[in-house]
């Protein structure tokens, strides 16, 4: 890669990093393109050399952050032997919680910058993330459940992820009103209920 290409890649990365930090602090709605450019240390016009608008960069961040979370969870799952669907779901939920706990900025980001509409728009846009194949990671994750009798697995996991993020935010950020370890068993009870509510009739033997 030439020096010119190196500089371009650095500017692009600086913009992405700046957007992630600002979206995590202020949310996407309250962040302007000027805010992102200023934090990245570039002119506002430079932003448009790399992205169409802030929704474009938001989609890229969803690809990166959500794709990494799903991929990490599946890789961890493949290293263990779990016999039931319910226990598999709990394992993945625990893995996601631990990822959020290890990087508290992530829980900020998911709580302030992602909603169902934003997430679906990112998936449907089918944009190349430039770093890894998000759609493959995403589809591999949900293809895993094709063999089970689960109704709307995508919605099921969105509900689980939303619940995890909202429940873990205060314990992770300020250890209040309960520690993360104290709240985990209660989270898992709700995750089990969500899973059961998405099993079609006759699939209870999977739990």
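Quick note: the coordinates plus some simple rules give every number you see, no bench work behind them. In this text, all values refer to a predicted model and were calculated from it rather than measured experimentally.
Roughly speaking, what is the stretch gain from residue 39 to residue 3, that is 0.36 nm per residue apart minus the C-alpha to C-alpha distance, in nm to one decimal?
Details: separation 36, 0.36 × 36 = 12.96 nm, distance 2.29 nm.
Net length gain for the segment: 10.7 nm.
Who wins for biggest fluctuation among 191, 80, 107 in a Gaussian network model of the chain, springs between alpha carbons below 10 Å?
Looking only at 191, 80, 107, the largest GNM fluctuation is found for 80.
When the helix-only estimate is applied to the chain (DSSP H runs of n ≥ 4, each -39,500 (n - 2.57), divided by the residue count), what is the mean residue ellipticity at 222 nm, nearest 500 deg cm²/dmol?
Dividing the helical sum by the residues of the chain leaves -24000 deg cm²/dmol.
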